[in-house]
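A.B. asks: Just dropping this structure here.
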Amino acid sequence: MVAACSSSGKTEKPAPLTEIKSPLPIRVAWRVRVGDGRRAFFQPAVMQNAIYAAASEGALIRLDPGDGKQVWRVRAPAPLGAGVGSDGFVVAVAGQRGEVFGYSADGKLLWQTRVPSDVVTPPLVGHGLVIVRSTDQGVTAFDAENGHKKWIFKRQTPALALRAPSEMTFSGDNVIAGFPGGRLVAIALSNGASRWDSPVSEPKGATEVERLADVLGSIGLQDNQVCAASYQGRIACFDATNGEQQWAREMPAGAGVAIDAEEVFGVDSASTIQAFARSSGATRWQCKLLAYRGLSSPGVQDRWVAVGDRQGYVHFLNESDGQLVGRVDLDGSPIVAQPRQVGGGVLVQTQRGHVALLMPQG
């Protein structure tokens with residue numbers, strides 16, 4: 001496995017931040033330190049009445065979404081590498097050596113188990129299952145109540161793959177996951193069988209590095225449409241029931257995608273943020289002002305699109321035209337997890353270990 005990098009293989013200088021005239025006021029409603037998150041991938045799990053977050057040294061906490069107050073904090077039996085997944089009843093995190101821990105909503109350790117290799121993607125919890133994606137490209141489902149293995153899905157993958165998070169999402173009675181080689185697969189929740197297997201992009205090139213085409217980051221799902229993006233490849237949308245491609249556009253992805261009622265948002269390997277029409281894939285707008293700043297997958301909050309960068313800024317763009325309207329500097333450490341909508345705000349976690357709720361005032 002290789003770490004994700006720009007498709008050119010070069011180290012480009014991040015674009016300097018430009019002045020924003022009449023910036024959007026953004027209030028930090030609350031900020032809580034969870035613990036160091038470097039060398040791992042942590043994405044807070046957002047429920048209606050709880051936020052769960054984790055840190056590398058093993059901390060797992062529950063916060064009140066309204067004021068950020070800590071409800072409880074526990075320490076996992078081993079250092080953590082990925083999390084958090086939750087359905088509001090079970091909370092799941094993964095250790096750095098393939099351990100998987102299931103907790104109750106009140107912080108009690110219910111069970112622990114293991115997958116064959118380490119985990120860099122947060123577990124997905126729901127439908128009575130905890131689903132874990134490991135770096136050997138296996139997808140394993142465990143019973144959420146007791147941790148017993150229900151099934152494991154594996155498909156043939158290229159010899160070389162990126163060591164980067166590739167998230168999963170539920171769609172009806174399937175879980176949809178992206179794989180190396182640019183594949184998007186719907187897996188039956190009942191038995192782990194493949195329902196459909198569609199190409200986001202096809203690998204191209206003579207060498208294994210040139211042929212890297214892993215599906216990256218978050219997968220967008222809205223109504224019956226699912227969208228994903230691939231490294232050195234494309235952004236594409238499909239019918240979630242049968243995998244039929246609806247449209248695809250060339251875009252070497254640097255992160256995952258977000259989707260709302262009208263548009264699909266992606267980030268390319270040069271940190272250009274792009275918006276596409278959901279119905280046709282037509283380009284709506286592009287923002288190149290944050291070039292090579294190492295952006296996270298985009299998050300959508302009402303009228304705004306939010307992205308984090310490697311220098312610790314959260315940037316807000318106008319959803320309708322892509323204009324950069326505001327930014328917040330949290331703690332100077334990278335923000336690699338997708339910003340998540342919480343009420344009227346955006347929740348982010350930095351790699352230095354802060355979880356913060358940002359409230360646009362426009």
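A.B. asks: Amide H of Ser166 versus every other amide H placed in the peptide plane: which residues, excluding those fewer than 5 positions away on the same chain, fall under 5 Å?
C.D. replies: Residues meeting the criterion, in which the H sits 1.01 Å from N, are Gly217.
A.B. asks: Mean projection of the alpha-carbon convex hull of the range 104-197 over all orientations, in nm²?
C.D. replies: For the range 104-197, the mean projected area of the Cα convex hull comes to 6.1 nm².
A.B. asks: Still on this structure, please answer the following. Please arrange Arg155, Arg33 by accessible surface area, largest first, computed with a 1.4 Å probe and ligands excluded.
C.D. replies: Final ranking, largest accessible area leading: Arg33, Arg155.
A.B. asks: Restricting attention to the range 234-340, which GluC sites (Glu not before Pro) occupy a DSSP loop and are surrounded by at most 11 other Cβ atoms within 10 Å? Display every interim value, and only then the final one.
C.D. replies: Values: sites: Glu244, Glu250, Glu262, Glu263, Glu319; in loops: Glu244, Glu262, Glu319.
Taking the range 234-340 and a limit of 11 other Cβ atoms within 10 Å, the loop GluC sites (Glu not before Pro) found are Glu244.
A.B. asks: Read through the labelled values [x] 20.8, 66; [y] 52.3, 207; [z] 18.9, 56 and report the label of the one computed as Rg and Dmax of the Cα atoms in Å from the structure.
C.D. replies: [z]
A.B. asks: Just subtract the alpha-carbon distance of Ala15 and Glu57 from 0.36 nm times their residue separation and send over the number in nm, one decimal.
C.D. replies: Details: separation 42, 0.36 × 42 = 15.12 nm, distance 3.31 nm.
Length gained between Ala15 and Glu57: 11.8 nm.
A.B. asks: Sticking with this structure for a sec: Where the only charges are on Cβ atoms (+1 Lys, Arg; -1 Asp, Glu), what is the dipole of the range 200-316 about its Cα centre, to the nearest 20 debye?
C.D. replies: 380
A.B. asks: Keeping the other protein chains in place, figure out the carbon and sulfur percent of the accessible area of the range 112-215, with a 1.4 Å probe.
C.D. replies: Summing carbon and sulfur atoms, their accessible area is 47 percent of the total for the range 112-215.
A.B. asks: Continuing with the same structure: Note the full-extension length gain between Asp331 and Asp239 as 0.36 nm times their separation in residues minus their Cα-Cα distance, in nm to one decimal.
C.D. replies: 29.1 nm
A.B. asks: From the phi of every residue in the range 65-80, what ³J(HN,Hα) in whole Hz does the Karplus formula 6.51 cos²θ - 1.76 cosθ + 1.60 yield, where θ is phi - 60° and glycine or proline is x?
C.D. replies: Each residue's phi maps through the Karplus curve to give x, x, 10, x, 5, 6, 8, 7, 9, 10, 10, 5, x, 8, x, 9 Hz.
A.B. asks: When we measure straight from the Cα of Lys154, which aspartates and glutamates land under 14 angstrom away, once same-chain ones fewer than 8 places off are left out?
C.D. replies: Asp136, Asp197
A.B. asks: Mind grabbing the accessible area of Thr169 for me, 1.4 Å probe, Å², rounded to tens?
C.D. replies: 30
A.B. asks: If I stretch the segment between Ser279 and Ala291 completely, what's the gain in nm (0.36 nm per residue apart, minus their alpha carbon distance), one decimal?
C.D. replies: Numbers: separation 12, 0.36 × 12 = 4.32 nm, distance 2.74 nm.
The Ser279-Ala291 span can extend by a further 1.6 nm.
A.B. asks: Follow-up question, since we're still on this one. Mind checking the per residue accessible area of the range 98-257 for me, 1.4 Å probe, whole number of Å²?
C.D. replies: Spelled out: the 1.4 Å probe surface of the range 98-257, per residue, equals 38 Å².
A.B. asks: For the range 251-256, take each phi angle, set θ = phi - 60°, evaluate the Karplus expression 6.51 cos²θ - 1.76 cosθ + 1.60, and give the result in whole Hz per residue in order, putting x for glycine and proline.
C.D. replies: With the stated coefficients, the range 251-256 comes to 6, x, 6, x, 7, x Hz.
A.B. asks: For the range 12-84, report the accessible area per residue in Å² (1.4 Å probe, heavy atoms, rounded to an integer).
C.D. replies: The answer is 51 Å² per residue.
A.B. asks: Sticking with this one: Express in % the proportion of alpha carbon pairs of the range 62-154 at distances exceeding 19 Å.
C.D. replies: Details: 1464 of 4278 pairs.
Result for the distance tail: 34 percent.
A.B. asks: I've got another one for you. Run the 1.4 Å probe and let me know the accessible area of Met47, rounded to the nearest 10 Å².
C.D. replies: Accessible area, nearest 10 Å²: 40 Å².
A.B. asks: Positive end of the dipole of the chain, charges at C-beta (+1 Lys, Arg; -1 Asp, Glu), about the Cα centre: which of Leu63, Met251, Gln156 has its Cα farthest in that direction?
C.D. replies: Selected residue: Leu63.
A.B. asks: If you don't mind, another one. Along Cα→Cβ, 7 Å out, is where each label goes; now give me the distance between the ones at His148 and His127 in nm to one decimal.
C.D. replies: About 1.9 nm separates the two model spin labels.
A.B. asks: Here is a further query. Simple spin-label model, 7 Å along Cα-to-Cβ: Glu262 to Ala188 in nm?
C.D. replies: 4.0
A.B. asks: Can you list the aspartates and glutamates whose alpha carbon is less than 20 Å from that of Lys21, not counting same-chain residues fewer than 8 positions off?
C.D. replies: Glu319, Asp321, Asp329
A.B. asks: Would you mind working out the magnitude of the charge dipole of the chain relative to its Cα centre, with +1 at each Lys and Arg C-beta and -1 at each Asp and Glu C-beta, to the nearest 20 Debye?
C.D. replies: 820
A.B. asks: While we're on this one: Under 4 °C and 1.567 mPa s, how fast does the range 1-123 diffuse according to Stokes-Einstein, given a Kirkwood radius computed over C-alpha pairs? Answer in µm²/s, whole number.
C.D. replies: Value of D from the Cα-based Kirkwood radius: 80 µm²/s.
A.B. asks: Additional query: May I ask you to evaluate 6.51 cos²θ - 1.76 cosθ + 1.60, the Karplus curve with θ = phi - 60°, for each residue of the range 135-150 and list the ³J(HN,Hα) values in order in whole Hz, giving x for glycine and proline?
C.D. replies: 6, 7, 6, x, 10, 10, 9, 10, 5, 5, 7, 10, x, 5, 5, 9
A.B. asks: Let me ask something else about it. Return the whole-Å distance between the Cα centroid of the range 201-233 and the Cα centroid of the range 93-110.
C.D. replies: 30
A.B. asks: In the neighborhood of Leu129, defined by Cβ-to-Cβ distances under 12 Å, what is the net charge if each Lys or Arg adds +1 and each Asp or Glu adds -1? Spell out each step's value before the answer.
C.D. replies: Values: positive: Lys149, Lys150; negative: Asp87, Asp143, Glu145, Asp173.
My count for the surroundings of Leu129 gives -2.
The values are calculated or read from the model by the stated rules, or taken from the named source; none is laboratory data. Small disclaimer: the values here were computed from a predicted structure and weren't measured. Cβ atoms come from the backbone with ideal geometry, glycine included; neighbour counts cover every protein chain shown. Just so you know, the surface numbers come from the protein's heavy atoms only, side chains and all, with ligands and any DNA or RNA stripped out. Shrake-Rupley method; radii C 1.70, N 1.55, O 1.52, S 1.80 Å.
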